[in-house]
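So the structure is just underneath, and the comments pick up after that.
Each value in this text was obtained by applying a stated rule to the coordinates, not by laboratory testing. Note that the structure is predicted; figures quoted are calculated from it, not measured. Cβ: placed from backbone, ideal geometry, glycine included. Neighbour counts: every protein chain shown.
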Amino acid sequence: MLRLTHAPNIAIAALWADALQQAGMPASVQRYYLGSVAGELPPDQCQPEIWLTHAEHEARARELLHSLQNMPQRRWLCVCGETVEGGFEQCWNCGTDMPAATR
Ligand SMILES: [Zn+2]
């Protein structure tokens, strides 16, 4: 087991662990409580940590997390003039597909 990093919250921790698993790197989320006794603090006071099951995956795992953290906000301008946000590949207004250059 190797402690890879900590995540800002449990939702992001779960997302990262998931992405690692899918990439073939078993990972788990451990909650580290900022305080002595778990349960005395509200959930957002705990800092989730990402642990890799196999330390030899570290370099690849860090690379993956780096790309997850730096994913560009997908946003493109449709020919009809609408700005499409939120990762949609089709314009909600006119149904045109995202231009290939933006993908
Ligand atoms: Zn459109």
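Stretching Arg60 away from Asp97 to a fully extended chain increases their span by 10.0 nm, per 0.36 nm per residue minus the current alpha-carbon distance. Measure off 7 Å from each Cα along the Cα-to-Cβ vector at Glu82 and Glu49, then give the distance between these two points in nanometres to one decimal. It is 4.6 nm.
Taking a virtual spin label 7 Å from the Cα of Ser28 along the C-beta vector, which residues in region 47-65 bring their backbone nitrogen under 14 Å of it? Within reach of a label on Ser28, which here means backbone N under 14 Å from a point 7 Å along Cα→Cβ, region 47-65 contributes 49-55. Sorting Ile50, Ile10 by the number of Cβ atoms found within 10 Å of their own Cβ, with the fewest placed first, yields Ile10, Ile50. 3J(HN,Hα) along region 86-100: x, x, 6, 9, 9, 5, 6, 8, 10, x, 5, 6, 4, x, 4 Hz, from the Karplus curve 6.51 cos²θ - 1.76 cosθ + 1.60 with θ = phi - 60°, whole Hz, x for Gly and Pro. Here's how it looks for His6: its modeled amide H is under 5 Å from those of Ile50, which are all 5 or more places away or on a different chain.
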